[in-house]
Amino acid sequence: MALQQQIKNTNTTQLLGIGIFSLLVLLYAPILLHWVDGWLHKTISIEHEYFSHGLIGLPFAGYLSWKHRKQWQRLPNKTHPLGIALLVIGGVFYLSGVTEWVNLSLPIILAAVCLWFKGFPGLRLQGFSLILVFLATPTAVPYLIAPYTFPLQSFIAGTAGFILNQFGMQVVVDGINIYVGGRIVEVAPYCAGLKMLFTTIYVSLMLLYWTGALSSRRVTVWFLSLAVIISVIANIIRNTLLSFFHGSGQDAAFKWLHDSWGGDLYSALMLLSLVPLLNWLDQYLSAPPETELEAEGLMSNE
């Protein structure tokens with residue numbers, strides 16, 4: 001009887017899990033398809049386009065959750081009251097009709113489901129997947145940050161003008177405007193490299209997790225810091241090239257790098273450069289076990 005009761009409880013839990021998963025698919029499939037279509041065809045709002053790293057992050061989050069499925073099943077069923085609260089908040093956000101709130105309801109409800117079924121152990125198990133979903137969820141954050149990017153815009157414009165001057169071009173920089181050959185290039189708030197910076201940090205976190213380097217605080221801090229610097233430098237070079245193309249009348253090259261797939265290719269090459277950087281940092285900053293043992297031996301001899 002006890003075995004039959006256990007099997008019955010297991011089947012009930014599985015059916016409930018399948019039902020909740022099916023409901024989530026029905027609720028969020030149209031939203032996710034809208035995101036993907038907007039990211040691929042650039043038909044989504046400029047602010048929400050900043051989260052296009054979700055094209056690689058969301059599938060990776062799904063893969064990690066699937067990879068942890070056996071560990072998930074082994075966790076004891078334990079409901080935490082916070083799960084109910086988050087479920088209510090997520091439901092209110094979804095029904096509000098406000099775009100940003102509806103979007104944010106996805107990571108909130110996913111976290112609620114983890115707490116509802118497995119408590120905090122389940123939330124910890126799926127923690128990184130939930131972080132990837134949250135950081136890929138389109139919100140108004142870029143719009144809120146844009147008014148404060150003026151110093152960065154001015155820095156990029158001044159540096160790009162300085163570089164072009166070194167190549168003998170007549171360049172005048174006025175605030176965020178670059179005058180090249182009588183033509184003006186404006187380093188607008190959305191040209192300040194925030195999108196590239198968001199993507200760089202996101203991909204860096206994925207690389208750190210995938211390689212296991214996320215467990216090393218020193219490697220993580222150094223890698224994220226250098227990744228941000230590389231992103232800023234890459235954006236300065238991109239704006240310099242755009243100013244050169246526009247000022248020299250190469251409109252086709254300007255459109256290719258600014259509006260077409262040239263910008264995506266440039267970003268992809270920059271992101272690929274992060275892989276050897278992480279490998280080098282991991283080897284350089286992680287002390288070999290032999291070295292640690294030798295150091296302990298010297299200390300014990302003293």
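The values are calculated or read from the model by the stated rules, or taken from the named source; none is laboratory data. Given the structure is predicted, the values throughout are model-derived calculations rather than measurements. With ideal geometry, Cβ positions are generated from the backbone for all residues, glycine too; neighbour counts draw on all protein chains shown.
The table that follows gives values for the structure above.
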item: Residue under evaluation V98, criteria (1) hydrophobic (A, V, I, L, M, F, W, C); (2) modelled with pLDDT under 95; (3) under 28 Å from T211 (Cβ atoms), criterion not met; result: (3)
item: Criterion (more than 17 Å from I131 (Cα to Cα), part of a helix (DSSP H, G or I) and at pLDDT below 90) met by exactly one of N11, N77; result: N11
item: Condition check for Y202: hydroxyl-bearing (S, T, Y), touching a residue at least 24 places away in the same chain (Cβ under 8 Å) and farther than 20 Å from Y266 by Cβ; result: no
item: Unique residue being without any contact (Cβ under 8 Å) to a residue 24 or more places away in the chain, under 20 Å from P138 (Cα atoms), buried (at least 19 other Cβ atoms within 10 Å of the Cβ) and of a type in the set (S, T, Y) when the list is S52, S105, S96; result: S105
item: Test for N239: is it over 22 Å from the mean Cα position of the chain (by Cα) and in a helix (DSSP H, G or I); result: yes
item: Residue ranges of helices (runs of 4 or more DSSP H) in the stretch 85-154 with at least 1 members in contact with a Lys or Arg (Cβ under 7 Å, 6 or more places away or on another chain); result: 99-125
item: Evaluation of R238 against (1) surrounded by 15 or more Cβ atoms within 10 Å (Cβ to Cβ); (2) farther than 17 Å from Q153 by Cα; (3) modelled with pLDDT of 90 or more (one fails), failing number; result: (2)
item: Residue match in the stretch 179-194 (condition: outside the structural domain of A61 (by TED's automatic domain parsing), modelled with pLDDT of 90 or more and part of a helix (DSSP H, G or I)); result: no
item: Hey, L86 more than 22 Å from the chain's Cα centre (by Cα) and not assigned by TED's automatic domain parsing to the domain that holds N235 or not; result: yes
item: Given (1) surrounded by fewer than 20 Cβ atoms within 10 Å (Cβ to Cβ); (2) touching a residue at least 24 places away in the same chain (Cβ under 8 Å), number of the condition L115 does not satisfy; result: (1)
